[in-house]
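Q: Here it is, the structure in full.
What follows draws every value from the coordinates through simple rules; no lab data is involved. A quick note: this is a predicted structure, and the numbers were derived from the prediction, not measured. So basically every Cβ, Gly included, is an ideal-geometry build from the backbone, and we count neighbours across all protein chains shown.
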Amino acid sequence: MKTPRLPPLSLTLRSALLFASVAALVISVVGFYLYGNIADSMRRQAGFQMSGRVDYFRNLLGNQFPLSRLSENPHLFENMLGNERDILIFQQPGLPPLINVNPRGYFLPTVAPVAAGHPLSLAAVHVATTPDGVPIRFVTALVNIDARQRIQITAAHVMANETRMLEQYRNRIIEATIGAFMLIALMGYSVLRQGLKPLRHMAAQARSIHPATLDTRLSEQGAPPELHQLIGSFNQMLDRLADGYRRLSQFSADLAHEIRTPVNALMGHCQVALYQRRTAPEYESVLVRNSEELERISRLVENILFLARAGEAHSAIQPGSLSLGAELTRVADYFEGLADERGLSLDCQGHGEVWADAILLRRALSNLVDNAIRYANQPSRIILSGRRSGSGWIIEVSNQGPVIPAQSMAKLFDRFYRADNARTSSGNSTGLGLSIVQAIMELHQGRATARCDADGILCFSLFFPDRKTSNPSAS
């Protein structure tokens, strides 16, 4: 059985929790750092206290304090202890204690005492623990009463009060850390929610955009500067989507129009043929006309499929080094017969090595030459040329024909666009030839351009970048 997944946390809540966690971590680190300093200070203070106490008794006994008086007045020394748990032991080495103040009977380990006359320091402080884990700081030292008698003094401080205070302080640190985490999380959530309000406003604006309102753009008014770049990028994306949607709508309308014409022609031929009985030659004529229309539909579908796949075909092309002169001659030889029928001549100029896919290069050139033969004035010459330019090669196909207006030049490579619909409405053109040329050049990371001068010289230029050029540009 699969465990149900918890819904992902919102950005506001996630940021608030992360910020609160960091703040709580900082507070706890600072708190425990101070806790460690206080604990160390208490241990040092207990060590100084025990060293001072032993040093006091060493001075007292070293001033010829009678040993008998030491045994007779143990309460005198008990009053000098810090609390009821502190320990004080006077004894002669190897003999029972003369004074043994140890109310709780705590065990102190045997250690080497500091020799008489040697000063006491923190290095002489030793550590023990009670059965319940409370630390004991103690000092053991010797003092000479006279030439024959020595007394070992042991003073110990049971750090019960200090341990209790440190425990309370530690609990306060934990409580403060938890409280700070909750408070900062709540405040951070409120602040972040208010700070992310522009994002929610952007989301509301984006939800209102649909295919019918692709002209709507996100507003930068009131948005923080950090979101301006995001809003600008989003609006640019909307521009591209709107342009693509417009092109798709236009493409769909043009496609329906292009297919409707041959389909209507097929239906008309069939209806006329079925209206009354026909002779075999008449039926054969109908089939020939229908076959021509079907071929036109086939070419149209093939071209549409090529354009649809061109955007995903970058990894499928196989470019190589091709002889520019040989490729121009190959295409010219193929169209030579058709050109002769229309009183046109083909002239090839140029040589070199171009980096391109052979099949796609020939198809692009064939489309340009076919377009030139279809629209060139009779008689005239169609020139195929190639030359080196910058970081690549430019191939040009030029012919003399009718002058094309500037507004039409910008649309020559659009799908289904024809500069002269009257001349092509009954021809075999699908209106996709130049679009295919442009798609082929995009696959080669090159470009296709066109220009027409006042004399009607129409020139199509194809720029093929060299093999190592990623962003080609022609000079």
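Q: Mind sorting 453, 132 by how few other Cβ atoms lie within 10 Å of their own Cβ, fewest first? If you can, show how the numbers build up before the last one.
A: Numbers: 453 11, 132 7.
By the 10 Å Cβ count, ascending: 132, 453.
Q: So what J values fall out for the stretch 171-188 if you push phi through Karplus, 6.51 cos²θ - 1.76 cosθ + 1.60 with θ = phi - 60°, rounded to Hz, Gly and Pro as x?
A: Result, ordered by residue: 5, 5, 4, 5, 4, 5, 5, 5, x, 5, 4, 5, 5, 5, 4, 5, 5, x Hz.
Q: Another question, then. Per the Kirkwood treatment, what hydrodynamic radius in Å, one decimal, follows for the stretch 316-465 from the mean inverse distance over all distinct Cα pairs? Walk me through the numbers before you get to the answer.
A: Numbers: mean 1/r = 0.0644 Å⁻¹.
Final number for the Kirkwood radius of the stretch 316-465 is 15.5 Å.
Q: Counting other beta carbons within 10 Å of each Cβ, put 270, 459, 348 in order, fewest first.
A: On the way: 270 12, 459 17, 348 20.
Least crowded to most crowded, the residues run 270, 459, 348.
Q: Counting only residues 5 or more places away or on other chains, whose amide H sits under 5 Å from the amide H of residue 380 once H atoms are built in the peptide plane?
A: Long-range HN contacts for residue 380: 345.
Q: How large is ³J(HN,Hα) for each residue in the stretch 275-289, as worked out from phi by the Karplus curve 6.51 cos²θ - 1.76 cosθ + 1.60 (θ = phi - 60°), to whole Hz, x for Gly and Pro?
A: With coefficients 6.51, -1.76 and 1.60, one gets 5, 8, 5, 10, 7, 4, x, 5, 4, 4, 5, 5, 5, 5, 4 Hz.
Q: Then there's this: Sequence-distant or interchain residues sharing an amide H contact under 5 Å with residue 86, placed H: which?
A: 158
Q: Residues with amide H under 5 Å of residue 357's amide H, sequence separation 5 or more or different chain, H placed in the peptide plane at 1.01 Å from N; which?
A: Long-range HN contacts for residue 357: 320.
Q: Per residue of the stretch 150-166, in order, report the coupling 6.51 cos²θ - 1.76 cosθ + 1.60 (Karplus, θ = phi - 60°) as ³J(HN,Hα) in whole Hz, putting x for Gly and Pro.
A: Here the 3J(HN,Hα) series is 10, 10, 9, 9, 10, 10, 9, 10, 8, 8, 6, 5, 4, 5, 5, 5, 5 Hz.
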